[in-house]
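Written below as structure tokens is the structure these notes are about.
The values are calculated or read from the model by the stated rules, or taken from the named source; none is laboratory data. All values reported here derive from a predicted model rather than from experimental measurement. Note that each Cβ is placed from the backbone with ideal geometry, even for glycine, and that neighbours are counted across all protein chains shown. When the accessible area is computed, the model is the full protein with side chains, heavy atoms only, and any ligands, DNA or RNA have been set aside. Shrake-Rupley method; radii C 1.70, N 1.55, O 1.52, S 1.80 Å.
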Amino acid sequence: MKKLVLILTFLISFCFSQEVQELTWPKGDTFLTFLDSHKISQSLYFNLEKEDKELCSEITAGITYHLLLDTDNTLKQVLIPVSEDIQLHIFKKDDGTYTFQTLPIKYDEIEETLVLEINHSPYLDIIEKTNNKDLANELIRAFSASVDFRGMQKGDHVVIKYKQKVRLGKYFGQPEIIGALVEVNRKKNYIFRNLNDDKYYDETGKSLTNFFFKTPVRYKRISSKFTKKRYHPVLKRYRAHLGVDYAAARGTKIYAAADGKIIFRGRKGGYGNVIIIQHKNSLRTLYAHQSKFRGGLKVGSRVKKGQLIGYVGNTGLSSGPHLHLGLYKNGKAIDPLKIIKVTKSKLQGSEKTKFLAYTKKVSNELVSSIEKIDLLKPVKLERTASATQINPRKI
Ligand SMILES: [Zn+2]
């Protein structure tokens with residue numbers, strides 16, 4: 001009997017061991033604790049290049065990752081996403097040792113135009129129609145500076161032209177609004193995303209997202225720029241760098257790039273000593289590899305743009321001292337240099353002319369989407385009382 005149970009247990013584990021598990025990355029776990037829990041040598045991490053070490057620190061609690069165990073319950077392979085474009089892949093070779101690589105994430109991207117007639121509120125109506133909470137949040141955020149949603153009336157329209165990534169049959173990553181129209185008491189308000197700086201502007205080319213960043217360090221040179229995903233033809237592999245590296249002498253002062261609140265201060269794997277600041281507009285900045293923090297700052301401290309927060313170092317990796325600056329919008333890494341170089345709140349010159357022509361095209365599309373649904377609406381036949389009703393007073 002005992003033998004039979006053993007065989008059964010073995011069979012069950014055999015049948016299930018080859019299935020890919022979908023798991024959620026637990027809070028507090030890091031790349032190194034993951035290696036430890038699967039009895040994989042930490043040298044796999046310590047032998048990585050600087051860029052890859054930094055990527056390992058981009059793993060965030062709560063993300064979904066996929067894992068496949070071998071028949072002996074050791075790790076066969078795992079795929080851990082670190083951005084919307086790149087995932088870490090660890091797999092066991094025939095000799096039992098492990099290899100690390102970064103792989104692109106495959107997804108489809110759909111472009112859609114959503115047209116709504118307001119019934120409850122834009123937020124609830126978007127979710128009801130699309131089940132896309134991220135899209136509802138992004139629309140509210142995008143219009144927060146220019147529209148008071150409380151003035152909306154039933155029957156006002158919302159039109160959103162946007163891109164959405166889809167992966168394994170689910171929405172994936174943050175939706176990107178190309179342009180949107182919101183009617184408030186039938187008055188049309190627009191926003192358009194400028195691809196050059198990722199900001200929203202109105203139809204006159206005025207910026208609606210007032211965030212201005214200051215370069216946080218006096219640097220010698222930029223030693224590594226932002227790359228979402230790049231194929232290295234010589235190394236024949238994918239690489240990514242989700243921030244900007246400013247080379248500077250050890251001890252150089254680091255300043256907050258904008259006003260905000262400190263939400264993290266401590267060690268963060270390959271990023272070493274890190275401070276993360278939460279700003280408005282769902283933006284965060286991350287300052288890595290600091291030799292030390294300025295005293296008196298803690299999680300919850302408010303900081304002003306240009307305020308000293310720490311000092312350049314090379315904690316977290318072995319290459320020279322530099323500041324790695326990360327910038328995140330809704331948790332998604334974006335290029336800090338695109339934001340830092342823009343200091344004006346209004347587009348000018350040829351950039352403005354080009355952008356206005358583009359907004360004209362998009363706004364025409366948005367407006368014609370409303371006209372299309374109005375045409376499709378069944379015409380409500382109402383009995384006109386005046387024709388049949390007799391006004392007794394006139395008799
Ligand atoms: Zn870096």
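Summary of computed values
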{"item": "Lys/Arg +1, Asp/Glu -1 at C-beta; segment 221-340 dipole; positive extreme among Ser291, Ile275, Ala248", "result": "Ile275"}
{"item": "Spacing of the two label points (7 Å from each Cα toward its C-beta) at Lys360 and Leu32, in nm", "result": "5.9 nm"}
{"item": "Backbone HN-Hα couplings from phi across segment 231-241 [Karplus 6.51/-1.76/1.60, Hz, Gly and Pro as x]", "result": "8, 8, x, 7, 6, 6, 8, 8, 9, 8, 9"}
{"item": "Spin-label zone in segment 153-188 - amide nitrogen under 19 Å from a point set 7 Å from the Cα of Asp108 along the C-beta vector", "result": "162-176"}
{"item": "Per-residue HN-Hα couplings for segment 124-141 [Karplus 6.51, -1.76, 1.60; θ = phi - 60°; Hz; x = Gly/Pro]", "result": "5, 5, 5, 5, 4, 7, 10, 6, 10, 5, 4, 5, 4, 4, 5, 5, 4, 4"}
{"item": "Sequence of Leu68, Leu366 from largest to smallest accessible area, 1.4 Å probe", "result": "Leu68, Leu366"}
{"item": "Inter-part distance where segment 99-176 and segment 265-336 are each reduced to a Cα centre, Å", "result": "30 Å"}
{"item": "Total charge dipole magnitude, segment 221-340, about the Cα centre, Cβ charges on Lys, Arg, Asp, Glu only, Debye to nearest 20", "result": "240 debye"}
{"item": "Degrees, to the nearest 10: 2-17 long Cα axis against longest axis of the chain", "result": "60 degrees"}
{"item": "Segment 221-340, accessible surface, carbon-and-sulfur percent (1.4 angstrom probe)", "result": "51 percent"}
{"item": "14 Å cut-off, amide nitrogen to a point 7 angstrom out along Thr60 Cα→Cβ, residues in segment 71-92", "result": "81-86"}
{"item": "Average accessible area per residue (Å²) across the chain - probe 1.4 Å, nucleic acids and ligands excluded", "result": "55 Å²"}
{"item": "Mean residue ellipticity (222 nm) of the chain, computed from DSSP H runs ≥ 4 via -39,500 (n - 2.57), nearest 500", "result": "-7000 deg cm²/dmol"}
{"item": "Carbon + sulfur, % of accessible area of segment 14-104 - ligands and nucleic acids excluded, 1.4 Å", "result": "54 percent"}
{"item": "Dipole of segment 73-209 [Lys/Arg +1, Asp/Glu -1 at C-beta], most positive-end residue of Val158, Leu195, Ile80", "result": "Ile80"}
{"item": "Cα-based helix-to-principal-axis angle, 349-376 vs the chain, degrees rounded to 10", "result": "60 degrees"}
{"item": "Total charge dipole magnitude, the chain, about the Cα centre, Cβ charges on Lys, Arg, Asp, Glu only, Debye to nearest 20", "result": "1620 debye"}
{"item": "Calculated FRET efficiency for the pair Arg239/Thr74, C-beta based, R₀ 30 Å, to 0.05", "result": "0.60"}
{"item": "Inter-site label distance for Leu124 and Val367 at 7 Å from Cα along Cβ, in nm", "result": "3.1 nm"}
